[in-house]
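Novice: A single structure is presented below for examination.
Every read-out reported here was derived from the displayed coordinates using simple, explicitly stated rules and does not represent laboratory data. Predicted model, so just to flag it, every value in this text is computed and none were measured. Every residue, glycine among them, receives a Cβ derived from its backbone with ideal geometry; neighbour counts consider all protein chains shown.
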Amino acid sequence: MSASRALLIVCDGLGDRPIEALGGRTPLQSAFKPNLDRLARHGISGTMDPIAPGIRPGSGPAHLAIFGYDPFRYYTGRGIFEALGVGMEVRKGDVVFRFNFATIDEERRVIDRRAGRIREGTRELVQSLNDIRIPGVEVLFKEGIEHRGILAIRAPRLGWRVSDTDPQKEGLKILPCRPLDATEESQRTAEIINDIVDQAIKILEAHPINKARKAKGEHPANAILIRGGSYYEEVSGLQERFGLKGACVAGGTLYKGVARFVGMEVLEVKGATGTYDTDFRAKFEAAARALEDHNFVFLHFKAPDLAGEDGDALRKLEVIERIDRAILGIEELRDTLIVVTGDHSTPCSIKTHSADPVPILLSGPGIRVDGTQSFDEVAASRGGLGRIRGLDLMPILTDLLNLAAKFGA
Ligand code: ZN
């Protein structure tokens, strides 16, 4: 007997390091998680270097690798994945950036990188930016969440290797966009971006929404900070490459964007956000339903990474327990290969991503059960799967679904 479909659960930033306050254990080791432990007992475990040993992965490249797309080949920058994640229509050759609305003073010094975390009026502000005119170039803006948005530029022969204008720190001036290589294409893109930044400041400064914000003593959104330059190319999707009809259940736009990039259907689930307040159970139930008409479902939980970046080990432990409760009944999914892993470690002790490998388990019909008793970093390191890379996962998964092509005769 073997599985005919797969559910891949990625708990963002899941892996951790020993924490003194937890008696030298990780949050995952300390959490009460009977459902995950049962999957491990009935499955095969191992550890995974999402990109390669010693490489600290960003979430975008890590997910590309897990979906079977070499990040060194396919990852240009975050902008394009954010654009796809908010449903922006992009075309081959578009150069895409993320931007923040920000507050600057007369000398272009950044006072507030998020313009007071502006929420209201951003749609109108973004619309006003569509008045920016650059001869021979299409300039497209789309609003994102809160103070964030997407900028795409469309023209022949554009480069994407250009620097950010976001100085990343308040008190510093907006940076000029510079080419990061010696090509004419990148030079041209940098000039276009600098022109866009100038025009945006003029338009935003005069906008009634900002005048009203100033009158109320709020920070005006009088500038945009640009980062994450990237390039869009169409790739063959999971269906074509692996015979997988994919669906994605995620809250964060980056994850939806990567899923769309590789050809998954992105499901909108009520209450699913990329935050602590997400409806964990609604997401699991949506993923379980999606398995009825997809043979590959990707379910993403962001909360462990947020807790890791906050350095809050107890909170990380608690969100792992919430994920465990949310997947109650997972073993009743018939004919389903269940994979649980992370996209990288986010140790609470360093509050950022690390290269520590993540635990991974595969459970379902046809699996060689390896005797692992619990799902955690240490138990998994002794498991029968050994230590794999992110790019190994799809070949292993499609083989277990009997979809893999034979190598040679
Ligand atoms: Zn991540």
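Novice: So if I restrict to the alpha-carbon atoms in the range 83-231, what is the Rg, and what is Dmax, the biggest pairwise distance, in Å?
Specialist: Taking only Cα atoms of the range 83-231, I get Rg and Dmax of 14.5, 46 Å.
Novice: Mind jotting down the distance between the C-alpha centroids of the range 363-409 and the range 7-57, whole Å?
Specialist: 15 Å
Novice: Based on Cα positions only, what radius of gyration and what Dmax would you give for the chain, in angstroms?
Specialist: 22.5, 75
Novice: Here's something else I'd like to know. Of K92/K245; K270/K302; K173/K202; K173/K211, which ones are farther than 18 Å apart at the Cα?
Specialist: K92/K245; K173/K211
Novice: Then there is this: Based on the mean of other beta carbon atoms within 10 Å per residue, what is the order of 41-49, 328-336, most packed first? Numbers along the way, then the final one.
Specialist: Working: 41-49: 22.7, 328-336: 14.9.
Ranked from most to least packed, the peptides come out as 41-49, 328-336.
Novice: For S2 and A409, FRET efficiency with R0 = 25 Å and r from the beta-carbon atoms, rounded to 0.05? Mind showing how you got there, number by number?
Specialist: Numbers: r = 23 Å, r/R0 = 0.92.
For R0 = 25 Å, the calculated efficiency reads 0.65.
Novice: Just to verify a number: FRET efficiency for I134 and A182, C-beta to C-beta distance, R0 = 22 Å, to 0.05?
Specialist: 0.45
Novice: Turning to a different aspect of this structure: Place a label point 7 angstrom from the Cα of E218 along the Cα-to-Cβ direction, then list the residues of the range 111-131 whose backbone nitrogen is under 18 Å away.
Specialist: Answer for the range 111-131: 111-129.
Novice: Then there's this: With point charges of +1 on the Cβ of Lys and Arg and -1 on the Cβ of Asp and Glu, referenced to the Cα centre of the range 83-231, which listed residue (G136, G217, C177) lies farthest in the positive direction of the dipole?
Specialist: After comparing all options, I get G217.
Novice: Does the range 224-351 come out rounded, prolate or oblate by the C-alpha gyration tensor, with a ≥ b ≥ c the root eigenvalues, rounded set by a/c under 1.5 and, if not, prolate when a/b is larger than b/c and oblate if not?
Specialist: oblate
Novice: Could I ask something else about it? Can you list the residues, at least 5 places off or on another chain, whose amide H is less than 5 Å from the amide H of I134, using H built in the peptide plane?
Specialist: Those lying under 5 Å, H to H, from I134: there are none.
Novice: Take K202, project a point 7 Å from its Cα along the Cβ direction, then tell me which residues of the range 115-139 have their backbone nitrogen under 18 Å from it.
Specialist: Counting only backbone N, you get 126-139.
Novice: Okay, next question. For a quick check: with amide H placed at 1.01 Å from N, whose amide H comes under 5 Å from S345's, ignoring anything fewer than 5 positions away on the same chain?
Specialist: Amide H to amide H, under 5 Å and 5 or more residues apart or across chains, S345 pairs with G15, S354, D356.
Novice: Starting from the Cα of E292, step 7 Å along the direction of its Cβ; do the same at Q168; then give the gap between the two resulting points in nm.
Specialist: With each label point 7 Å from Cα toward Cβ, the separation is 4.7 nm.
Novice: Please report V378, V249 as a ranked list, fewest other C-beta atoms within 10 angstrom at the top and most at the bottom.
Specialist: V378, V249
Novice: Looking only at the chain, where both bridge partners belong to it, what percent of the DSSP beta bridges are antiparallel (to the nearest 5)?
Specialist: 60 percent
Novice: Tell me, what is the percent relative contact order of the chain, built from C-alpha pairs under 8 Å that lie six or more residues apart?
Specialist: Working: 989 pairs, mean separation 140.6, N = 409.
Result for the chain is 34 percent.
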